[in-house]
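Novice: Take this structure first; my questions come after.
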Amino acid sequence: MFEFRWDTILCHKDKMGKYRKIKIVEGNPNGRNVIIIDDLAMTGGTILECAKLLESKGAKSVSAYVTHAVFPNHSYHSMSKFPFANFWVTDSCPETIEAMSRVGPITNFNVLSLAPAIAKILTSSK
């Protein structure tokens, strides 16, 4: 079981067709630096809606981390609509990372490589 050492703010998404409604179900972002953690982002719409909600509820800053940033049709450009303090993605979707690198830096994007962690796990299992 994972133990959080920080306060947790839990948001929930209700999806109604192509519309989504985000609500805070636990915690208070007021005056806090918040990181949105998501496993998969397609268009990034849910992350943007969550970031806007957290900001409207008084978050001091909002950052985001996405393990698998697919972002088809260059939808990562929509992340520029919000002033993220940081936006971390892994290199699990290399086509996305390549496309992003060709257009230059977009609103504090940082790419985290999974290769060292995977290599460590693979070599320690011998």
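The values are calculated or read from the model by the stated rules, or taken from the named source; none is laboratory data. Fair warning: this is a prediction, and the values are worked out from it, not measured in the lab. Glycine gets a Cβ as well: all are built from the backbone with ideal geometry, and neighbour counts include every protein chain shown.
Novice: Could you look through the range 52-82, keep only residues that are within 12 Å of the chain's Cα centre (by Cα) and not β-branched (Val, Ile, Thr), and pick out the one that is farthest from GLU98 (Cα to Cα)?
Specialist: Of the range 52-82, the ones within 12 Å of the chain's Cα centre (by Cα) are 62-71, 76, 79.
Subset that is not β-branched (Val, Ile, Thr): 63-65, 68-69, 71, 76, 79.
Values: SER63: 22, ALA64: 20, TYR65: 18, HIS68: 14, ALA69: 12, PHE71: 12, TYR76: 12, MET79: 17 Å.
Across the range 52-82, the extreme among qualifying residues is SER63.
Novice: Let me ask something additional. (1) under 16 Å from the mean Cα position of the chain (by Cα); (2) surrounded by 14 or more Cβ atoms within 10 Å (Cβ to Cβ): which one isn't true of ILE24, the others all being true?
Specialist: Among (1) under 16 Å from the mean Cα position of the chain (by Cα); (2) surrounded by 14 or more Cβ atoms within 10 Å (Cβ to Cβ), ILE24 violates only (1).
Novice: A follow-up question, please. So, LEU48, is that one out of contact with any helix residue (DSSP H, G or I) (no Cβ under 9 Å at 6 or more places or on another chain) and modelled with pLDDT of 90 or more or not?
Specialist: When the stated conditions are applied, LEU48 does not pass them.
Novice: Moving on. Looking at the range 1-79, what strands (runs of 3 or more DSSP E) fall wholly within it and have at least 1 residues that are within 19 Å of GLU95 (Cβ to Cβ)?
Specialist: 33-41, 61-69
Novice: Hey, another quick one. So, in the range 60-98, exactly how many residues are surrounded by fewer than 14 Cβ atoms within 10 Å (Cβ to Cβ) and in contact (Cβ under 8 Å) with a residue 24 or more places away in the chain?
Specialist: Final tally of qualifying residues: 6.
Novice: Suppose we filter GLY27, GLY17, GLY58 for residues that are touching a strand residue (DSSP E or B) at 6+ places or on another chain (Cβ under 8 Å) and small (Gly, Ala, Ser); which single one remains?
Specialist: GLY27
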